[in-house]
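Q: Have a look at this one before I ask anything.
The values are calculated or read from the model by the stated rules, or taken from the named source; none is laboratory data. Predicted, not measured: the structure shown is a model, and the values here were computed from it. We work out accessible area using only protein heavy atoms, side chains counted, and drop any ligands, DNA or RNA first. Shrake-Rupley method; radii C 1.70, N 1.55, O 1.52, S 1.80 Å.
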Amino acid sequence: MSLRRFDVILLAAGASRRFAAGNKLVEPYRGLPLIGHILRTIAGLDVGRRIVVTGEPYRNDIVAELKRYPGWRECVNAQASEGMGRSIAVGSAALRPDAEGVFICPADMPGITAEDFHSVAGIFSGPRSICRPIFNRQPGHPVLFGREHFGRLGALSGDHGAAGIVRDSPTDRAVYASSNPGTVFDSDTADRFV
């Protein structure tokens, strides 16, 4: 199934505050820098526009990794310390005008697969849709927002991401039960790299 009608925003502007060893996104994990797993997965998808949001202090690290996976549009969050909401807003400014929806995904989730993106797209029902996987009752990623949510995504700030939009739209939400723990696994601390 083509995903060309959807764009992707990859959130890679964090400061890795809970990771004592520096920038977790470029730390080795199962043979690649951590961010390399999700970059490789998305590179294999037939999506519309690939947007990555970067910020200080680790922007140069991310840009160096992006050179291995061409086709990304970088958006710099100059206020990255304001949190994930601001990064989503910055990335939303680069969405294609004709995109039907946008996948939003943190860059520290190496276990997300191409099948996860396709499964989320499979429950998309239109411009008001908000679609995501659930694993063991935990909400996962990627999350797909229909185009009617673009305005609110572009106005976000703070560290709660788009959780408020999801919470305020109960009739528009669709989920599926994923068998992939990678849809909820992130790598916030060094012990996850063992």
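Q: Hey, can you find the accessible area per residue of segment 1-112 for me, probe 1.4 Å, expressed in square angstrom?
A: Accessible area per residue: 43 Å².
Q: Mind pulling up the Rg/Rh value for segment 54-137? Radius of gyration and Kirkwood radius, both on Cα.
A: Reported Rg/Rh (Cα atoms, Kirkwood Rh): 0.98.
Q: For the chain, which whole percent of the accessible surface, found with a 1.4 angstrom probe, sits on carbon and sulfur atoms?
A: Accessible surface attributable to carbon and sulfur in the chain totals 49 percent.
Q: While we're looking at this one, here's another question. Pull out the extension gain between A43 and R167, defined as 0.36 nm times the separation in residues minus the alpha carbon to alpha carbon distance; nm, one decimal.
A: Between A43 and R167, full extension yields an extra 41.6 nm.
Q: Taking a probe of 1.4 angstrom, what is the accessible area of R59 in Å², to the nearest 10?
A: 70 Å²
Q: Could you tell me how many degrees, from 0 to 90 and to the nearest 10, lie between the Cα long axis of helix 34-43 and the main elongation axis, the longest principal axis, of the Cα atoms of the chain?
A: Roughly 40 degrees, rounded to the nearest 10.
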